[in-house]
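Worksheet for the structure shown next.
Read-outs: derived from the displayed coordinates by stated rules, not from any lab. Just so it is clear, the structure is predicted and the values come from calculations on it, not from any experiment. Neighbour counts run over all protein chains shown; Cβ positions are idealised from the backbone, glycine included.
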Amino acid sequence: MTGLVLKDIRKAYGQVKVLHGIDLEIKEGEFVVFVGPSGCGKSTLLRMIAGLEDITSGEMYIDGQLVNDVPPSKRGIAMVFQSYALYPHMTVYDNMAFGMRIAGESKEEIDRRVKSAAGILQLEPYLDRLPKALSGGQRQRVAIGRAICRNPKVFLFDEPLSNLDAALRVATRIEIAKLNEQMADTTMIYVTHDQVEAMTLADRIVVLSAGKIEQVGPPLELYERPANLFVARFIGSPAMNIMPVTVMGTGDTTRIKLKDGSEVTMDLATASSEQGKAGSFGVRPEDLAIAAGEDFLFEGVVEIVEALGEVTLLYVNGPVEEEPIVVKLPGIVDVKKGQTLRFSADRTKLHLFDAAGQTYRR
Ligand SMILES: Nc1ncnc2c1ncn2[C@@H]1O[C@H](COP(=O)(O)OP(=O)(O)OP(=O)(O)O)[C@@H](O)[C@H]1O
Ligand SMILES: [Mg+2]
């Protein structure tokens with residue numbers, strides 16, 4: 001059974017078009033993450049799924065039922081926002097129980113669900129406290145607990161961890177991963193700007209840009225085989241290095257020429273009609289290494305060294321003067337600013353895009 005189906009969903013606020021036709025199927029129990037630049041429409045789409053925003057056109061189905069005109073309370077959905085919005089004068093217990101009391105659940109059922117949610121989220125010691133006596137992470141867990149108590153079919157999260165400090169983000173992210181395991185039948189849709197959250201939590205990531213879907217797929221598929229330049233640049237941090245190139249030789253392997261005149265052979269087939277065309281060449285910072293032998297991809301002067309301990313980032317003045325090439329080397333590396341170095345990359349890790357930004361498939 002399908003959890004959620006979106007068919008050509010569009011949204012406009014008056015003349016302002018925000019979503020331009022979203023087609024997406026989400027399976028029951030799936031964990032889907034929406035990512036994309038600020039303003040691309042992630043929250044709008046989530047709020048439309050929740051029923052908090054009207055659907056301008058298109059069809060939305062939850063559990064096979066058309067829900068375009070079904071009010072939020074009847075959709076079996078719970079949403080957790082970035083600001084947790086707890087009732088300040090109510091205890092943790094009452095915050096979680098509130099929705100069920102309004103819905104007229106029995107005292108016993110309310111108690112069972114609150115205790116169960118508190119157990120999952122390790123909130124038992126805090127049930128009698130007021131929100132002001134909790135840390136940010138604990139408050140966000142109460143907000144999640146309140147949503148769990150509603151026993152939703154679909155769980156929506158809009159950047160739930162972005163107000164937390166780095167350590168709490170990691171801890172709460174792991175709580176959410178566990179929650180997803182415990183609520184295996186519950187469909188979860190999660191909006192984030194955080195690469196690590198997207199990569200680690202998602203069964204599939206949906207990359208949005210300017211109100212359109214760019215690509216949908218499992219995290220590593222998006223990382224290894226981005227459909228286009230937008231996804232290639234968006235997934236991965238630091239972002240993929242992109243350089244303009246010309247296709248010099250086609251066939252089973254493709255030869256390209258970089259701006260500085262150097263040529264690269266790629267394990268990638270192209271049709272002869274591609275000969276002479278302009279495109280873009282991509283290589284991820286972590287796929288570059290200091291060249292051991294004579295076989296190298298490019299040579300450049302190191303302009304900046306960022307030693308982070310676990311990795312060292314080099315900003316190298318490479319074949320494209322305008323933009324430095326970023327190189328991510330594991331561990332601590334003895335490289336100095338001003339040094340000229342040669343860099344190589346595994347041929348199978350190179351990416352090539354056509355003039356329209358679409359990936360040449362292997
Ligand atoms: N009520 C509204 N009237 C007009 N435009 C709106 C309204 N609400 C949102 N928008 C516009 O819709 C677009 C999408 O907004 P949305 O909040 O969905 O973006 P987002 O992807 O969630 O961004 P962020 O990552 O910053 O949260 C934005 O350009 C925004 O200005
Ligand atoms: Mg948003």
Checklist entry - What's log10 of I(q)/I(0) for the stretch 22-76 at q = 0.21, 0.22, 0.25, 0.30 Å⁻¹, Debye sum over Cα points only, no solvent? => result -0.89, -0.98, -1.22, -1.45
Checklist entry - To the nearest 0.05, what FRET efficiency results for Glu59 and Ala171 with a Förster distance of 35 Å applied to their C-beta separation? => result 0.35
Checklist entry - Taking the C-alpha atoms of the stretch 258-299, how large are the radius of gyration and the largest Cα-Cα span, Dmax, in Å? => result 12.5, 35
Checklist outcome for this item: Percent relative contact order for the stretch 156-231, counting Cα pairs under 8 Å at least six residues apart, stands at 22
Checklist entry - In nm, to one decimal, how far is the modelled label at Asn317 from the one at Arg347, with both set 7 Å along Cα→Cβ? => result 3.2
Checklist entry - To the nearest 0.05, what FRET efficiency results for Ala355 and Gln122 with a Förster distance of 45 Å applied to their C-beta separation? => result 0.25
Checklist entry - Toward the positive end of the charge dipole of the chain, about the Cα centre and with charges on Cβ (Lys, Arg +1; Asp, Glu -1), which of Pro72, Val5, Gly318 goes farthest? => result Pro72
Checklist outcome for this item: Subtracting the Cα-Cα distance of Met248 and Leu66 from 0.36 nm times their residue separation yields 60.3 nm
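Length gain on complete extension for the stretch Phe296 to Ser262, per 0.36 nm per residue less the alpha carbon to alpha carbon distance?
Value of the extension gain: 11.2 nm.
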Next on the checklist: I need Lys42, Lys212 ordered by Cβ neighbour count within 10 Å, fewest first.
Outcome noted: Lys212, Lys42
Checklist entry - Kirkwood-based Rg over Rh for the stretch 216-301 (C-alpha set), two decimals? => result 0.98
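Run lengths n ≥ 4 of DSSP H only: what is the helix-derived mean residue ellipticity at 222 nm for the chain, with -39500 (n - 2.57) per run over all residues, to the nearest 500?
On the way: 8 runs with 84 residues, N = 362.
Here the helix-only value at 222 nm equals -7000 deg cm²/dmol.
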Checklist outcome for this item: Amide H neighbours of Val191 at under 5 Å, excluding residues fewer than 5 places away on the same chain, with H built from the backbone geometry, are Phe34, Phe157, Asp158, Glu159
Checklist entry - Once the Cα atoms of helix 92-102 and of the chain are each reduced to a long axis, what angle between those two axes, in degrees from 0 to 90 to the nearest 10, is obtained? => result 70
Next on the checklist: If you take every DSSP beta bridge fully contained in the stretch 131-273, what fraction is antiparallel? Give it as a percent rounded to 5.
Outcome noted: 75
Next on the checklist: Starting from the 7 Å offset along Cα-to-Cβ, what nm value, one decimal, do you get for the label separation of Ile102 and Ala85?
Outcome noted: 1.0
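Please give the direction-averaged projected area of the C-alpha convex hull for the stretch 103-169, in square nanometres with one decimal. Don't skip to the end; give the middle numbers.
Numbers: hull surface 21.4 nm².
Spelled out: convex hull of the Cα atoms, projected over all directions, averaged, 5.3 nm².
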Checklist outcome for this item: Residue-ordered couplings for the stretch 262-276, obtained by feeding phi - 60° into the Karplus form 6.51 cos²θ - 1.76 cosθ + 1.60 and rounding to whole Hz (Gly and Pro as x), are 6, 10, 10, 9, 10, 7, 7, 8, 9, 6, 4, 5, 7, 3, x
Next on the checklist: Exceeding 29 Å between C-alpha atoms, which entries from my cross-link table qualify? They are Lys7/Lys153; Lys42/Lys107; Lys277/Lys337; Lys178/Lys349; Lys132/Lys212; Lys277/Lys349.
Outcome noted: Lys42/Lys107; Lys277/Lys337; Lys178/Lys349; Lys132/Lys212
Checklist outcome for this item: Output row, site Ser135, 7 Å Cα→C-beta label point, backbone N cut-off 12 Å, window the stretch 146-171, residues 164-171
Item to check | Spin-label proximity, Ala239 to the stretch 318-339 - amide N less than 19 Å from point 7 Å beyond Cα toward beta carbon | outcome: 318-328
Item to check | Over the stretch 221-362: Rg over Rh, Cα atoms, Kirkwood Rh | outcome: 0.96
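In square nanometres and to one decimal, what's the mean projected area of the convex hull around the Cα atoms of the stretch 33-128? List each step's numbers first, then the result.
Values: hull surface 33.9 nm².
Answer in nm², one decimal: 8.5.
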Checklist outcome for this item: Tilt, helix 166-182 to longest principal axis of the chain (alpha-carbon atoms), in degrees rounded to tens, equals 70
Item to check | Calculated on alpha-carbon atoms, Rg and Dmax of the stretch 136-258 in Å | outcome: 18.6, 61
Item to check | Among 115-126, 240-251, the order from most to least packed when residues are scored by Cβ within 10 Å on average | outcome: 240-251, 115-126
Next on the checklist: Viscosity 1.306 mPa s, temperature 10 °C: give me the Stokes-Einstein translational D for the stretch 47-201 in µm²/s, with Rh taken as the Kirkwood radius over C-alpha pairs.
Outcome noted: 98
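Please give the contour-minus-distance gain from Gln15 to Asp203: 0.36 nm per residue of separation, less the Cα-Cα distance, rounded to one decimal in nm. Walk me through the numbers on the way to the answer.
Values: separation 188, 0.36 × 188 = 67.68 nm, distance 3.52 nm.
Length gained between Gln15 and Asp203: 64.2 nm.
What number does the chain give for Rg over Rh if you use C-alpha atoms and the Kirkwood radius?
Details: Rg = 24.5 Å, Rh = 23.1 Å.
In the chain, Rg relative to Rh is 1.06.
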